[in-house]
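**Student:** Structure incoming, see below.
The values are calculated or read from the model by the stated rules, or taken from the named source; none is laboratory data. Just so we're clear, the structure is a prediction, and the values are computed from it rather than from any experiment. Positions of Cβ are backbone-derived with ideal geometry, glycine not excepted, and every protein chain shown enters the neighbour counts. Just the protein is used for accessible areas: all its heavy atoms, side chains included, with ligands, DNA and RNA removed. Shrake-Rupley method; radii C 1.70, N 1.55, O 1.52, S 1.80 Å.
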Amino acid sequence: MGVFTPCVLLSPHSQTGHGVKFGTKHAVSEPQDRLIMIPAMFGFSLGISETYMNILVRTLEWATLNIQQANAEEEKVNASASNGLIQRENRSMEKELEELRRSRPKPPVGGDFTFSDCFYFTRRGIESIVDDEVTQRFTSEELVSWNLLTRTNDFQYISLKMTLVYGLGIFVRYCILAPLRITLVCIGLTWLVIGTSAVGFLPNCRVKFWLSEWVHVMCYRICARGLSATICYHNRENKPKKGGICVANHTSPIDIVILCNDGCYAMVGQVHGGLMGIVQRAMVRSCPHVWFERSEMKDRHLVTKRLKDHVNDKTKLPILIFPEGTCINNTSVMMFKKGSFEIGATIYPVAIKYDPKFGDAFWNSSKYSMVSYLLRMMTSWALVCNVWYLPAMHQQEGEDAVNFANRVKSAIAHQGGLVDLQWDGGLKRAKVKDTFKEQQQKKYSSMVVGDDSSSNSD
Amino acid sequence: MGTLQSSPAPTEYCDLSEKTGFSFEQIAVLHKRFKQLSHDEDVLRRDHFSEIPDLASNPIRAEIIEAFFDQRNFSKNGKGKVEEIGFEEFLVVMSHFRPPSQHMTNEQRENVRKEKLRFLFNMHDTDNDGTITLEEYRHVVEELLSRSGALEKETAKSIADAAMLEVASISVGHMEPDEFYEGITFDHFLKLLAGFEIDSKMSIHFLNMDTITLCK
């Protein structure tokens, strides 16, 4: 499908030597569009993106250095990236309660309950109010140093040069890049609809198949250029094959564009109305995707059956599923829903990690609507991410779906350098079930009553 | 986590620091957390607290959350409950869990200790009559022990009664058969927990933040 040039990531890259320079780009005009679009369609680059990324990386490094110098005199507080705000005693409940009680003699009569036991729970409660593992995953990751975007800093004056660069950055991003990108994405989507509908008219044959793949990948490539995306694919020998299911961690809807730049997948999702609906209907004309009506989504057996049928048909493309079910902020991987792991197909795990320096890819759906999110994406510097294809995994003998899902999740988290959490991503919107509270109560009561059995007087 | 850029501390931080004893960095960190919990609003409500999954699995979360809205914890003479709190009240409640400082006189240490115990007492004295009655005590025991059937109500009740008896015997000494024990007053509470190492057990340790700096 054409050559995709190796990516530029945080290191100077030798230019490909073509004469087109970044500086000559103007705001939207036809010839410039074609200059970007045509190479995008065919998968090679004229060197524009590389130059841009080069300049961008150097600018950000310079900015970081400046900020650090300006702050060098002050005593800076650098909270460690992994832990958080407070130091927790991670000893078990039993040990802590034992310590609490040491100062008090064991009562001669009655249960082994003392008021001081509450203190342990009180302290744990306050600790979780100050800092907990889950709530922070639903807001954007904090950056180690400012990346010259307004949205990531409470603006603080450092030096005139910085402010000038910052101002120039705003101008470039909003007046030059954004219109260009929006146009590209519109072109990409239109082409997707037209192209897939056109291909749909052909009879089923190998040519149709090849054309359909070509149209899909081309459109996604245009969209990726529309976001100034630089993607680095690792371990491409593990790419998902037909008849399998591809699972990945979910950060935003752009994940789909990222993955589909390098191959064709069958999508799974709900049927939407409006623009999305048009796109969905067009796509399904050229190759089979799995779209569900809203009512069908509730019927788990129906969903499983349709997925199974798709997977068993070896001519159909691998299915792309995001088992977390919701967008997480790319610092961790949350609980995988077991539905996709019960089908019995080969699972191809994929880890996606965005570099937050160039733009925050996380879609906080409670804060931003889809449109404002896309606009934010188009006014960031760029989108840089790494995609790792992991070796295929199968469900082992006697392993149930939940354990299998956890195994896959750990592999993805490990590869992407993300934190592996057991909590459900659905907690973004829903509350924790009461069963968790009851677990703690059971544990504590077994401690109290267990000791009590010999000395309780009824 | 990000670096805390050393912007000049707003004057409110200065007042808060003096009032609660936290350093500027600690206040900034807690402010960020406040904004995160309140979804960028200026006030926190009870349902904001219920969204924290870790807290949800805590058996006495209701009391802990109530403690944040209890005016007795905001100032010495406060009474009653409020529906929403601002950052200042949040900080004041948190200051009860301030880590112990090295440079404190014995009297200051005693005061801090009393404050912490007062906070815990208020948490369980839900009707604000100055005593923890048998009913309130039973409530605590029931909350901590399982309701799901592993422990019957009767057993929980008897454990609470027995513990209460113990408390009575410690505070009041020997009681006549028909004497009625009203409940644990604050003084009894203090007596009960006389030898208790509350300073270290009831504080939150912030990472990497050293001495408490107060504004001049």
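**Student:** Sorted by accessible area (1.4 Å probe), largest first, how do B:V82, B:V141 line up? Walk me through the numbers before you get to the answer.
**Tutor:** Numbers: B:V82 30, B:V141 0 Å².
From most accessible down to least: B:V82, B:V141.
**Student:** Using a probe of 1.4 angstrom, how much of the accessible area of segment A:307-360 is carbon and sulfur, in percent?
**Tutor:** On the way: 850 of 1610 Å².
Solvent-exposed carbon and sulfur of segment A:307-360 make up 53 percent of the total.
**Student:** Could you tell me what percent of the accessible area of segment B:45-160 is made up of carbon and sulfur, with a 1.4 Å probe and every protein chain present?
**Tutor:** Working: 2400 of 5230 Å².
In segment B:45-160, the share of accessible area belonging to carbon and sulfur is 46 percent.
**Student:** Give, ordered by residue number, each residue of segment B:55-89 whose 1.4 Å probe accessible area is reduced by a minimum of 10 Å² on adding the remaining protein chains to the chain alone.
**Tutor:** Listed in order, they are B:L55, B:A56, B:S57, B:N58, B:P59, B:I60, B:R61, B:I64, B:F68.
**Student:** Put simply, what bits of segment A:400-431 lose 10 Å² or more of accessible area when the other protein chains are there, versus the chain on its own (1.4 Å probe)?
**Tutor:** A:W423, A:L427, A:K431
**Student:** I'd like the distance separating the alpha-carbon centroids of segment B:45-100 and segment A:374-422, in whole Å.
**Tutor:** Value for the Cα centre distance between the two parts: 37 Å.
**Student:** Could you check the simple spin-label distance between B:K114 and A:N364, using points 7 Å along Cα→Cβ, in nm with one decimal?
**Tutor:** Label at B:K114, label at A:N364, 4.4 nm between them.
**Student:** Select from segment B:107-148 all residues whose loss of accessible area on going from the chain by itself to the full protein assembly reaches 40 Å² or more (probe 1.4 Å).
**Tutor:** B:Y137, B:L144, B:L145, B:S146, B:S148
**Student:** From the cross-link list A:K442/B:K157; B:K116/B:K201; A:K298/A:K338; A:K316/A:K338, which pairs have alpha carbons spaced over 18 Å apart? Show your work: numbers first, answer last.
**Tutor:** Numbers: A:K442/B:K157 16 Å; B:K116/B:K201 11 Å; A:K298/A:K338 15 Å; A:K316/A:K338 23 Å.
Over 18 Å apart, Cα to Cα: A:K316/A:K338.
**Student:** Please work out the FRET efficiency for the pair B:E12 and B:S200, using the Cβ-Cβ distance as r and a Förster radius of 22 Å; give the result to the nearest 0.05. Before the final figure, lay out the partial values.
**Tutor:** Working: r = 30 Å, r/R0 = 1.39.
Once rounded, the FRET efficiency stands at 0.10.
**Student:** Calculate the dipole size of segment A:284-394 relative to its Cα centre from +1 charges on Lys and Arg beta carbons and -1 charges on Asp and Glu beta carbons; express the result in debye to the nearest 20.
**Tutor:** Details: 15 positive and 9 negative charges, 25 e Å.
Approximately 120 debye in magnitude.
**Student:** What are the ³J(HN,Hα) couplings of segment A:201-206, residue after residue, when phi is run through the Karplus curve with 6.51, -1.76, 1.60 and θ = phi - 60°? Round to Hz, x for glycine and proline.
**Tutor:** 3J(HN,Hα) across segment A:201-206, in whole Hz: 6, 6, x, 5, 7, 5.
**Student:** Provide the per residue accessible area, probe 1.4 Å, for segment A:245-381, rounded to a whole number of square angstrom.
**Tutor:** Per-residue accessible area for segment A:245-381 comes out at 39 Å².
**Student:** How do A:Y373, A:Y174, B:Y13 stack up against each other in accessible area, from largest to smallest, with a 1.4 angstrom probe?
**Tutor:** A:Y174, B:Y13, A:Y373
**Student:** Where Lys and Arg each count +1 and Asp and Glu each count -1, what net charge lies around B:F87 among other residues with Cβ under 11 Å from its Cβ? Provide the component values of the computation, followed by the final result.
**Tutor:** Numbers: positive: B:K32, B:R33, B:K35; negative: B:E12, B:E41, B:D42, B:E88, B:E89.
That sum, taken over residues with Cβ under 11 Å, equals -2.
**Student:** Let me ask something else about it. Over both sides of the A-B contact, add up the buried accessible area with a 1.4 Å probe and give it to the nearest 100 Å².
**Tutor:** Details: alone 24940 and 13760 Å², together 32380 Å².
Buried area (both sides, nearest 100 Å²): 6300 Å².
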